Amino acid sequence: MGEAGLRALSGGKAASSSSSPSPASGSRAEDSGWGRVRELFRRDDHNRYPEETYNIMKATFTGGIVGLFYGGIPGFVYAKKRYIEQSEGEVFHNRLDAVQSAHRAGTRGFIRYGWRWSWRIAAFVAIFNTVSTGLTAYRDKIALSHFAIAGACTGGLFRLNLGLRGLLGGSILGALLGVPAGGLLMAAQNLTGESLLEKRKQKQRELYEQKLAEWETSLKFTDNISGEMDIAFQEGSGDESTGKMQGLQNFPPKS
């Protein structure tokens, strides 16, 4: 390899080591409030979302199931009872046919009323947890005010169709319900010994230390390669100079 090639290769290695971003640059972006909020909805190196995001999904799914049975069971009983009352004059082939018809009516009532409650409770839980978790991540601390604000936002949105009065009433009621709900969640996290915020901070510290160690290893490796290339360049230049001197000494003098 010539002198220009060695110099370009060593220069490229040095440029790549100097331009490689350090973990500190990424940590500064995550220290901002909006940076921490964006991290909640961003996959990590293992293609997984943070634990807070999974908890929002789990709570939303659980709320949907609770709402399905909360509205579906009374709906089943009501629809079945109403069908029996309205079909007193209807003729059935046998008792089994009548029982099956009543059960089919009850099943339709279960699906109808269960779905109405299911999506409402799931949406309520999703909005409440998303707002409270986002505020906690943005401010980097847990407070009852976050749950009060989340309850006010959720209650106001659900009463928005009733106008300004419904918006204000829903916000106040949601804030009043959000405080005890947040207190229960904080108490449950304290019983476990470590909150989700502390777990996330611990995981971020471990990830930062791991990336820092990898970055330092890569930097040392690049520096070693650059040093070897410089040594090879110097040796190559010395050999070339020695060859030129020998050639001049062996060149016959002019007569």
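Laboratory data are not the source of any read-out in this text; all were calculated from the coordinates shown. This is a predicted model, so every value here is computed, not measured. In this analysis, Cβ positions are derived from the backbone assuming ideal geometry, glycine residues included, and neighbour counts consider all displayed protein chains.
Grab the alpha carbons of the stretch 55-173, take their convex hull, and tell me the volume per residue in Å³. Could you put the intermediate results ahead of the total?
Values: hull volume 13.6 nm³, N = 119.
Enclosed volume per residue, from the Cα hull, is 114 Å³.
Please pull out the direction-averaged projected area of the stretch 99-164, using the convex hull of its alpha-carbon atoms, in nm² to one decimal place. List each step's numbers first, then the result.
Details: hull surface 25.4 nm².
Quarter of the Cα hull surface area: 6.3 nm².
To the nearest 0.05, what FRET efficiency results for L191 and K220 with a Förster distance of 41 Å applied to their C-beta separation? Can you show the working numbers first?
Numbers: r = 45 Å, r/R0 = 1.11.
Once the sixth-power term is evaluated, E becomes 0.35.
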